[in-house]
Amino acid sequence: MGVESSSAWRALKQHCQQGAGEVHLKTLFDQKNRAEVFSVELDDLFLDYSKNRVTEETLKLLIDLAEQQALPSWIQRLLDGEQVNDTEERPAMHAALRAGGQGVKGEALSVQKDIELEFEKMAGMVSKIRAGQWRGFSGKPITDVVNIGVGGSDLGPLMMTHALQNIKSPIDLHFISSIDGTQTSNLLKKLNQETTLFVLASKSFTTIDTLSNAETAKDWLEEKIEDPQTLLSQHFVGVSTKPEMMTQWGIPHDNQLVFWDWVGGRYSLWSTIGLPIALKVGMDGFREMLQGANIMDSHFGHAPLDQNIPVLMGLIDVWNINFLDIQAKAILPYDARLKYLPSYFEQLVMESNGKSVNREGEAVTYKTCPILWGEVGPNAQHAFYQLLHQGTQAVMCDFIAPVERDDFDRSRTFGTDESLHYQHELAMANCFAQSRVLMLGDAAIPESIKQQFDSPFKHYPGNQPSNTILLKTISPKTLGMLVALYEHKTFVESVIWEINPFDQWGVELGKLIAKETHAAIKDESRADSFDSSTQNLIKRIVK
Ligand code: F6P
């Protein structure tokens, strides 16, 4: 029996049809203590979920659904390192990476020693590079590190290092991901072979995007370095689950960091894939990030369902998607340091739950993952918010903002503390104004200016649900908490939908066909069996 025909699902459906699906958010706010009732705080993270179209009854029914789907036992199975990734026959132990040997059981406990040994090797590299003791071929210290990776081997380190930009580092970090070579050629023009180190980051070590960029980087180094051994040992580090393939490529053992197949690509920033993060904030900062995530893991494992932040966020998304028929979600950080957070969450959420087949391999008959996108909120206000306010699509939004900007005082590069703090106040005012208008619609218009809005073109329907997440500051710890929250919330949704969030078969076919297509670009006769559109496009390229 699928979840849709279960009693808990049907109870929610009935609750929705009997009026809960129709109530406008502004009516729900007649309850004076609503913000207090529908918010929760954990350490440095505060979640206000009151601007969702839920009542206490809705939440009770959602918790019944979670219990019916055995969510508590799934959470334990995940955290204990049981085989939750059925199609790839392995556990998903990203939480084990940040446990620091504490409070874990089963398989998650047995891998703690391996994790610590690898982190010690990584710490050695990090301190050598940051101390200027890792030298290039001419004896000069490394000043620039370029991470070459894509997807999970790029986005996590890119997002974190950008978010933590105010923490001073002796190393300049750069990222190359796209297969087309533009980023590589632009970046290499600015760098110096003598002082540049490349991190070749690939879980599978077969990703053509990464390997082709690495070959281009190698060619660039060869312009100045004659000895291949020197080139590889002083200018390349590898991070992968495949040490033998790193060796084959030429990366010496001492320059290799490994991780394990039980770390999903989109969950890998907690592993040695996080090397650029540690180069940016130091190994202590990296461990702070792990500790932040671990705070969320232990909350996820122990808090009752009705106070459990990832559980609440996941269940409310299920309510929005499956009962209110809202199929899009916007991620809206109100701090430009979080510029890459939407892209990071796009991979995390859509690669995990963008599935239409359940764990038994049967087609599901209900909606799963929404379309997720986002942008730095203050910029998006001047771009796509029009659709949020007056479009025909219902969209749920996650507003994310820091309470304090503790970075301004330390990094006075321009302006005064006052002027920058004033700007932070403005950003927060915009963040809270937007979620309020999206929720209330016309009801947000002050009485004194109502007349000015007396036009169908100036009508704001409101009723767009949102969460607001406030972080005390932007720090390794709070970012660790935030990312772990989204990982677990995504897992909660997968349990309700009965799908495996840890595989990604959908991306495999495209990779395979790209190889075949490349062969046809090299030898047009191999395109004979292709459709006419692809044949035509190939012809134009070959010409
Ligand atoms: O194409 C998708 C994907 O498989 C992601 O899951 C992964 O993060 C990315 O490619 C990169 O893979 P790899 O780290 O093996 O190079």
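The values are calculated or read from the model by the stated rules, or taken from the named source; none is laboratory data. This one's a predicted model, so the numbers in the text were calculated from it and none came from an experiment. Neighbour counts run over all protein chains shown; Cβ positions are idealised from the backbone, glycine included. In case anyone asks, the SASA skips ligands and DNA or RNA and just uses the protein heavy atoms, side chains included. Shrake-Rupley method; radii C 1.70, N 1.55, O 1.52, S 1.80 Å.
The table that follows gives values for the structure above.
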quantity: Selection from 505, 527, 494 lying farthest towards where the dipole of segment 479-543 points positive, charges on Cβ; calculated: 527
quantity: Charge dipole of segment 373-463 about the Cα centre (unit charges at C-beta), most positive-ward option of 463, 401, 430; calculated: 463
quantity: Percent accessible area from carbon and sulfur atoms, segment 97-280, protein chains only, probe 1.4 Å; calculated: 52
quantity: Total charge dipole magnitude, the chain, about the Cα centre, Cβ charges on Lys, Arg, Asp, Glu only, Debye to nearest 20; calculated: 900
quantity: Relative contact order (%) - criterion: Cα under 8 Å, at least six apart; region: the chain; calculated: 19
quantity: Cα-projected label distance for residue 364 with residue 131, points at 7 Å along beta-carbon direction, nm; calculated: 5.0
quantity: Residue-wise HN-Hα coupling along segment 147-157, computed from phi with Karplus coefficients 6.51, -1.76, 1.60 (Hz; x: Gly, Pro); calculated: 7, 10, x, 8, x, x, 8, 9, 4, x, x
quantity: Rounded D (µm²/s) - the chain, Kirkwood Rh over Cα pairs, Stokes-Einstein at 10 °C, 1.306 mPa s; calculated: 63
quantity: Difference of contour (0.36 nm per residue) and Cα-Cα distance, residue 454 to residue 179; calculated: 93.8 nm
quantity: The chain: angle of helix 112-130 to the longest principal axis, Cα-based, in degrees nearest 10; calculated: 70
quantity: For segment 419-543: rounded, prolate or oblate by the Cα gyration tensor [a/c cutoff 1.5]; calculated: prolate
quantity: Rg/Rg_ref, segment 97-280, where Rg_ref = 2.2 N^0.38 Å and atoms are Cα; calculated: 0.99
quantity: GluC sites (Glu not before Pro) restricted to segment 304-385 and DSSP loop, no more than 11 other C-beta within 10 Å; calculated: 360, 362
quantity: Entries in 26/367; 218/522; 355/511; 203/522; 128/280 that, when Cα-Cα distance is taken, lie over 21 Å; calculated: 26/367; 218/522; 203/522
quantity: Dipole axis of the chain (+1 Lys, Arg; -1 Asp, Glu on Cβ), positive-most option in 473, 318, 49; calculated: 473
quantity: Solvent-accessible surface ranking, highest first, for 162, 382, 94 at 1.4 angstrom; calculated: 382, 162, 94
quantity: Largest to smallest principal axis extent of the C-alpha atoms in segment 301-354, angstrom; calculated: 33, 29, 21
quantity: Pairwise label distance in nanometres, residue 291 with residue 18, each label 7 Å out on the Cα-Cβ vector; calculated: 4.9
quantity: Prolate/oblate/rounded call for segment 147-203, Cα gyration tensor, a/c under 1.5 rounded; calculated: oblate
quantity: Extension gain from residue 60 to residue 524, taking 0.36 nm per residue of separation minus the Cα-Cα distance; calculated: 160.9 nm
quantity: ³J(HN,Hα), Karplus 6.51/-1.76/1.60, whole Hz, each residue of segment 131-140, x for Gly, Pro; calculated: 7, x, 8, 8, 10, x, 4, 9, x, 7
quantity: Angle between the chain longest axis and helix 532-542 axis [Cα atoms, degrees, rounded to 10]; calculated: 40
quantity: Net lengthening on full extension, residue 533/residue 302 (0.36 nm per residue, minus Cα-Cα); calculated: 77.7 nm
quantity: Whole-number Å³ per residue for the convex hull built on Cα positions in segment 451-522; calculated: 300
quantity: Solvent-accessible area per residue, Å², over the chain with all protein chains present [probe radius 1.4 Å]; calculated: 44
quantity: Helix 508-522 vs. the chain, principal-axis angle (Cα, 0 to 90°, nearest 10); calculated: 50
quantity: Förster radius 35 Å - calculated FRET efficiency between residue 35 and residue 417, Cβ distance, rounded to 0.05; calculated: 0.70
